[in-house]
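Chemist: One structure follows; several queries about it will come next.
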Amino acid sequence: MSVISLSSSSVLEGSTKTDALVIGMARHEDGTIALEPGTAGLDEAALLVALNALGASGKCDEVIKIPGTATKLLVITGLGDFKPRHGYDHETLRRAAGAAARELSGVKSAAFSLPSGKLEQLAAVAEGSLLGAYAFDTFRGTSLKDRKSPLAHISLLSPLTGKAEARKVVKRAELLAEAVHLVRDLVNTPPSHLTPISFCAQIKKLATPAGLKVSIMDEVALRKGGYGGITGVGQGSANPPRLLHLSYSSARPKARYAYVGKGITFDTGGLNLKPGLGMEAMKSDMGGAAAVVAAAIVIAKLKLPIALDIWAPLAENMVSDTAQRPSDVVTTYGGRTVEVINPDAEGRMVLSDALVRAQEVGAKSGGLDALIDVATLTGHQGLALGARVSALMGNDEDLQTIVLAAAKQAGEAFWPMPLPVELRASLDSPVADIANVGDRFGGMLVAGLFLQEFINKDVPWAHLDIASPAYNEGKAHGYTPLGGTGVAVRTLVRLAESACGR
């Protein structure tokens, strides 16, 4: 990951050595452009003439690179509508910094002179630049030499340099970016190299030094323990399932949370086999598990005064003579029976076991203040909300309000969705307690209703469906690359911080 530092010096004074300078550009209501040079001290009039000649618009995600004078390269990144007195919101700055960092692949160092007079703005620029400087080249061979490395050194030019609070927000940005990069790497890793077993091994190496306790249940323990949802999904694969549990607690926790993440390391659809185009991106079906474990590592490193349990049910949903069949009935953890109408609705099956176990452990510790699950659960999520907005459902309006506030502060887009009681009847089974699928229309909501069946009424619960936003199949934008995005990590961390009064 890029090295990041703070500097109050202008690159024009020669005291900050860098290959590129990044500044912001916005547009007025009349369509003319304006510059936000910050501490850079550039000749604004001359630069505006050049940018107008190039047809610059100042719109978000626009990045223009021209030869510099004090630096080899001058990078102008769009901020959208002009906001006087540096009134740009943090997500605009985050995306502008990220877009510039993406365009600086192959460049060793850059100074970012974007509005950063407030801690929130400085944090956003730091996060955006670090998140934008990402590449996944782990599995490249002969083509690696032709690839440009991400931006290596980031210098933030800010009037807040020297303040302890500024150093703290930059350090936090580093930890967040490391976590998001981890999720992206996990999601991008091919299923030939990421299985339930290797996922657990990799996370254990990272979680233990961070101060998290790690326990892993193998397929034998899962079968004996009655985890029928996880066992049933994983029984068709040569790579056996696992239940990964991470735990963290400060000496005097102010809240007790549990995060549960869906971890299907590859999803063929099972005996309800997906078509080829529907299977290509299914290495991303463990994005929820990756998000919750990465968030836990950040929370532990920040030493937040919270008690936290992380549950990642991991399985590979494959086709074989041992795969579960349509109309099979399995007994999930806690005793509820489920008729498997559709083996491709496997995420809710593994989550059902983990959700019940999370509540059981939470009750033994005095009860949960919140239970959050994160899952690439339904294709209907993308149909309803598109590729950039995740869905939020749950049984507690206050918790949903808190989650939405945390997401907004973190710069991630979530939208509340209902759990209509009239759709619950479609999950009735003639042979079991419940079926794993119901009405096709409103499928995202039906999946949420299924999960709600495994939630105790006295436990505040929120369900985050990140199916489409977890994996970008379109084009890179802002700080978001192609492939794994790392969505939900920042929201989960911010949620824990807010629970601790931070």
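Chemist: Net charge within 11 Å of Tyr259 by Cβ-Cβ distance, Lys/Arg positive one each and Asp/Glu negative one each, not counting Tyr259 itself?
Modeler: -2
Chemist: For the stretch 419-472, take the convex hull of the Cα atoms, compute a quarter of its surface area, and give me that in nm², please.
Modeler: 4.7
Chemist: Which of Ile154, Ile4 comes first, and how do the rest follow, when ranked by fewest Cβ neighbours within 10 Å?
Modeler: Ile4, Ile154
Chemist: Further question on the same structure: Tell me, what HN-Hα J-couplings in whole Hz come from the Karplus equation 6.51 cos²θ - 1.76 cosθ + 1.60 at θ = phi - 60° for each residue of the stretch 298-309, using x for Gly and Pro?
Modeler: 5, 4, 5, 5, 7, 6, 5, x, 9, 9, 9, 10
Chemist: A further question follows. Just tell me which lysines come within less than 26 Å, Cα to Cα, of Lys274; anything on the same chain fewer than 8 places away is out.
Modeler: Lys262, Lys283, Lys475
Chemist: Over all alpha-carbon pairs in the stretch 319-393, figure out the percentage whose distance exceeds 21 Å.
Modeler: Summing the P(r) tail past 21 Å for the stretch 319-393 gives 45 percent.
Chemist: So what's the stretch 392-488 giving for Rg/Rh, alpha carbon basis, Kirkwood Rh from the mean inverse pair distance?
Modeler: 1.04
Chemist: Along each principal axis of its Cα atoms, how long is the stretch 3-158 end to end? Whole angstroms, biggest number first, please.
Modeler: The principal-axis extents, from largest down, are 50, 31, 30 Å.
Chemist: Quick one: dipole size for the stretch 181-499, taken about the Cα centre, charges +1 on Lys/Arg Cβ and -1 on Asp/Glu Cβ, in debye to the nearest 20.
Modeler: 1160
Chemist: Of Ala110, Ile64, Leu122, which is farthest towards the positive pole of the stretch 3-158's charge dipole, taken about the Cα centre with +1 and -1 on the beta-carbons of Lys, Arg and Asp, Glu respectively?
Modeler: It is Ala110, whose Cα lies furthest towards the positive end.
Chemist: Could you give me the radius of gyration and the Dmax of the chain, taking only the C-alpha atoms into account and expressing both in angstrom?
Modeler: My reading of the Cα-based Rg and Dmax gives 23.7, 77 Å.
Chemist: Summing -39500 (n - 2.57) over the DSSP H runs of n ≥ 4 in the chain and dividing by its residue number, what mean residue ellipticity at 222 nm do you reach, to the nearest 500 deg cm²/dmol?
Modeler: Taking each H run of at least 4 residues, the total per residue is -10500 deg cm²/dmol.
Chemist: Can you return the aspartates and glutamates within cross-link range of Lys108? Criterion is Cα-Cα under 17 Å, with same-chain partners fewer than 8 residues away left out.
Modeler: Of all the aspartates and glutamates, those that pass the test against Lys108 - Cα under 17 Å, at least 8 places apart if same chain - are Asp19, Asp146.
Chemist: Check cross-link reach from Lys205 to the lysines: straight Cα distance under 16 Å, and skip same-chain residues fewer than eight apart.
Modeler: Within the straight-line limit of under 16 Å, Lys205 reaches these lysines: Lys213, Lys301.
Any read-out appearing in this document is the output of simple, stated calculations on the displayed coordinates, not a laboratory observation. The model shown is predicted, which means the values in this text are computed figures rather than measured ones. Positions of Cβ are backbone-derived with ideal geometry, glycine not excepted, and every protein chain shown enters the neighbour counts.
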